[in-house]
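Provided herewith is a single structure, encoded as structure tokens, for subsequent inquiry.
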Amino acid sequence: MPVDQQELGRRLKAAREASRLTQDEVARHLGVSRSTIAQMELGNRAVTSLELDRLAYLYGRDIGAFLAHEFRPEDALVAVFRRHPDMARDDQVLAAVRHSLAAGREITNLERLLGVDADLTALPAYSLKTPATKWEAIQQAERIAAEERRRLGLGDAPLPGVAELLEGQGVRTAKADLPQDVSGLTVADPDVGVLVVVNGTHAPGRQRFSYAHEYCHVLLDRDEKGAISRTSQRDTLPEVRANAFAAAFLMPPGGVIGFLQGLAKGRASRLKAEVFDEESALTAQARPAPKSQDIQLYDVVLLAHHFGVSRISALYRLKNLKLLDETEFANLQIQEEAGRGKQIAETLGLAEPQEDGDGIRARIVTLALEAFRRGEITRRKLEELAALAGLDASALEGLLGEAALDATATAEVLVPPE
């Protein structure tokens, strides 16, 4: 049965209230009066397709949700801000979530249009009890990070690209300009799938850490429908667990120790082994030269570069693996904060960690180009999708030319030979 004007108004009101927006705020977004919004919600005024599209974007929904047989008042956007009510009025965060959800839904629509199988069964879900202490949270994180590395066949090697790894598991990834206090967020929505957004204003090394951090939320917390990761909440158990997971996932213990041993570091101060021949044991001992195992700042610089993380992350990982004591850690931290680590990296010609890609942008553009090539979407829709991905008209024109999909080439493809 088609949705009549009164039912559409009721659904718009329910979506607005679930999103914790006032009629005045919605009116400002649409550039109309508050009474106009009130009349829409009462069913006394028709809603144009353009207005409905803008309202759907504002409420973080697909336009089809308002016209479907059944309507769910709550969705991913509502779930995220129910857990973080103090962020519901942050325009920067709201804009990032709305934009990412809209892009994710367009990708889902394009995948359906092109017959792409977007099955997410490869993405595991670990069932763990809620940690009672920070220590338990860290232990869970270390165990799940090691299990994920085994499952993915990563061994102890550095990860080449964390965003690409997540995309391979069916997780959509994106970057957005977020407040400095926010490192990233995770959203799980039936129409979008699982979406991870990291703060694009942070340094590449921190972005990689944030992708790994959010991956922990995907694996362990996605039943919550969404999470916002904030520095001010680093002491909460879910954030402690996610931070510990990211460190262990990016810098596995075996990989860290093996790398240091390649630098003739990381061995115990006293080495002991026993050889048993079924009757008795022979003991052999060795002691490295004094101070030969002391880790220096240049070792930390090389380790951070090897695993594609920040030097401070590498320092904390060494400390947590008991490879640095409190005094050694403090001394190296002082040197790093004085800028010596950066100077060493520049002198050695070591580039900063490579920036991970924005999976949503690449995905939406390539799918849109293919849909356009097949004649499944119009040129106007292609331009709309390109703009959503951050491409202006000139960039799109250049891309069409490079892909041999200009107007003439497209016409030749779409018109079959006689």
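The values are calculated or read from the model by the stated rules, or taken from the named source; none is laboratory data. On a predicted model such as this, the values are computed, not experimentally measured, just so you know. When the accessible area is computed, the model is the full protein with side chains, heavy atoms only, and any ligands, DNA or RNA have been set aside. Shrake-Rupley method; radii C 1.70, N 1.55, O 1.52, S 1.80 Å.
In the chain, what percent of the accessible surface is made up of carbon and sulfur (1.4 Å probe, ligands and nucleic acids excluded)?
Summing carbon and sulfur atoms, their accessible area is 52 percent of the total for the chain.
Angle check, please: helix 359-373 long axis (alpha carbons) against the longest principal axis of the chain (alpha carbons), in degrees 0 to 90, nearest 10.
Long axis of 359-373 versus the principal axis of the chain: about 40 degrees.
Once you have the Kirkwood Rh of the stretch 319-393 from its Cα pairs, apply Stokes-Einstein at 25 °C and 0.890 mPa s and quote D in µm²/s.
Translational diffusion coefficient: 146 µm²/s.
Over the alpha-carbon set of the stretch 1-56, work out the extent along each principal axis and list the three values in angstrom, largest first.
32, 21, 18
Shifting gears a bit: Could you tell me the relative contact order of the chain? Use alpha-carbon pairs under 8 Å, at least six residues apart, and round to a whole percent. Could you put the intermediate results ahead of the total?
Numbers: 539 pairs, mean separation 61.0, N = 418.
Rounded, it is 15 percent for the chain.
Please compute one quarter of the surface area of the Cα convex hull for the stretch 20-152 and express it in square nanometres.
Values: hull surface 47.9 nm².
Directional mean of the projected Cα hull area for the stretch 20-152 stands at 12.0 nm².
Under a 1.4 Å probe, what is the accessible area of the stretch 147-188 per residue, stated in Å²?
38 Å²
Per residue, how much accessible surface does the stretch 291-362 expose to a 1.4 Å probe? Answer in Å², no decimals.
55 Å²
Could I ask something else about it? Using only the alpha-carbon atoms, how far is helix 49-58 inclined from the longest principal axis of the chain? Give it as 0 to 90 degrees, nearest 10.
Helix 49-58 sits roughly 30 degrees off the main axis of the chain.
Next question, about the same structure. In sequence order, what are the phi-derived ³J(HN,Hα) couplings for the stretch 185-193 according to the Karplus relation 6.51 cos²θ - 1.76 cosθ + 1.60 with θ = phi - 60°, rounded to whole Hz, with x for glycine and proline?
Once rounded to whole Hz, the list reads 8, 10, 10, 10, 9, x, 8, 10, x.
Looking at this model, which pairs from K129/K342; K175/K225; K319/K342 are more than 30 angstrom apart at the alpha-carbon?
As for pairs spanning more than 30 Å Cα to Cα, those are K129/K342.
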